[in-house]
1. Suppose we keep only residues that are basic (K, R) and surrounded by 17 or more Cβ atoms within 10 Å (Cβ to Cβ) within region 38-77. Which one would you say is farthest from E369 (Cα to Cα)?
2. Could you list all residues from region 352-364 that are touching a Lys or Arg at 6+ places or on another chain (Cβ under 7 Å) and either under 11 Å from G392 (Cα atoms) or hydrophobic (A, V, I, L, M, F, W, C) (or both)?
3. If you take the residues in region 64-80 that are at pLDDT 90 or above, among the polar types (S, T, N, Q) and part of a loop (DSSP other than H, G, I, E, B), which one is nearest to E7 (Cα to Cα)?
4. So, in region 350-367, how many residues would count as being within 24 Å of the chain's Cα centre (by Cα) and more than 15 Å from N333 (Cα to Cα)?
5. When you go through (1) touching a residue at least 12 places away in the same chain (Cβ under 8 Å); (2) closer than 29 Å to F220 by Cα; (3) aliphatic (A, V, I, L, M); (4) outside any loop (DSSP other than H, G, I, E, B) one by one for A409, which number turns out not to apply?
6. What's the total number of residues in region 387-401 that are of a type in the set (A, V, I, L, M, F, W, C), more than 16 Å from Q43 (Cβ to Cβ) and assigned to a helix (DSSP H, G or I)?
7. Being surrounded by fewer than 20 Cβ atoms within 10 Å (Cβ to Cβ) and out of contact with any Cys (no Cβ under 6 Å at 6 or more places or on another chain) is the requirement here; does N194 meet it?
8. Identify the single condition in (1) modelled with pLDDT of 95 or more; (2) small (G, A, S); (3) surrounded by 12 or more Cβ atoms within 10 Å (Cβ to Cβ) that S99 does not satisfy, given that it satisfies every other one.
Amino acid sequence: MEKTAIELFAGVGGFRVGLNHVTLGKDGKAIEKPNFKFLWANQWEPATKSQEAFDCYKARFSKGNDDEEFSNIDISLVNKKDIPDFTLLTGGFPCQDYSVAHGLASEKGIQGKKGVLWWQINDIIIAKKPPFILLENVDRLLKSPSKQRGRDFGIMLKCLYDNGYCVEWRVINAAEYGHPQKRRRTYIFAFRSNTKYAKGIKKHSHCKLLLENGLFAQTFSAKKTDDFYEIDLKKYKDIYDVSDNFKFDFCNSGCMIDGIISTAKLEPIFEKPITLNEIILNEKIDSKYFLTNAQDTKFSYLKGAKKIQRKAKNGFTYAYSEGSMSFPDSYDNPGRTMLTSEGTINRSTHVIEDRLTKKHRLLTPVECERLNQFPDNWTNTMNDRKRYFMMGNALVTGIIKKLGKVIEAIIEKED
């Protein structure tokens, strides 16, 4: 089986950077180790005419005369059958409302809400039937929506089961496994039931899969802290039944094998994280990243403890409170979760003490790239505001690098 891949909702290429251990050449082109051959990637930002993420992706990975490999149109407009055949589907997609509306009797297929990107992934899975799938999403995916806990993830699992897949998932906080950012995300690995990997997995208990044999167990060691909980997905007759009636408390780790869902709470066996001290530049920094006196005062207030009286729309008065945050951020810790608002005057923005001047400043775009373990200056094809935004949207590529090593070994054993 060839190690070929596609990247959906590709952003600036986090999956590809991680899987192929990418570095950046002096000519601005990606230097890739020949782990996976990426045949196609789609990146399209609907909210703006400018397409900085796609432009960055293509600038780094294009080798000339290969425009068909890079798709910059709405994924819903792509003819899924025209996508090249591949072994591994990768993609990070937004957590959205996956509820399913009942279609007319004459209509077939899922009538999901317009624009919900899971259905595009599902259509590609149906059209291409890839042996393996690796997806990333926010950790709240497992709990959404609040009024029907677990429904959205249940719909995803039902789609994958109906299409002939088994699934593993794990919520991973990157900093707990030796990476430089406290970024908690849900990683999902699906594999066709007829693969050698699936047949081997089925020989073991679900407990052994999650703690010893599975993809995440081989990569991110953990221990069980609670009992296993199970539910049989096969008792739901179709996707509409799941949408209307499924409710389940998914834990941070689990699997679905032949329609049986098992889930358990796991605690990581910690690895020493990379700290801010190891990624902060030790050089003269441009003055534009330093705080003015007014900005320093504002940040001090935003990051301090406070209790504020607020009034709801119905006239009810309540006390809004929040605790204090480190100000400035400690060099001895990994970075906090980076948001798309990084670099703005915002409570979540990192503020550090500059090494040389001892004055307060923002992280530079390069330091933000290091928080996600991208090569330095990966995003310098765009302005600083966009660079911060891209890193707030990106994943920690070091997580994908570790997973990729095991996925490679899995694929190499397939026919």
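1. K58
2. Matches in region 352-364: I352, L356.
3. The qualifying residue nearest to E7 (Cα to Cα) is N72.
4. Counting residues in region 350-367 that are within 24 Å of the chain's Cα centre (by Cα) and more than 15 Å from N333 (Cα to Cα) gives 3.
5. All conditions pass for A409, except number (1).
6. The number of residues fulfilling the criteria is 2.
7. So N194 passes the test.
8. (1)
The values are calculated or read from the model by the stated rules, or taken from the named source; none is laboratory data. Since this is a predicted model, take the numbers as computed values, not measurements. All Cβ positions, glycine included, derive from the backbone under ideal geometry; neighbour counts span all protein chains shown.
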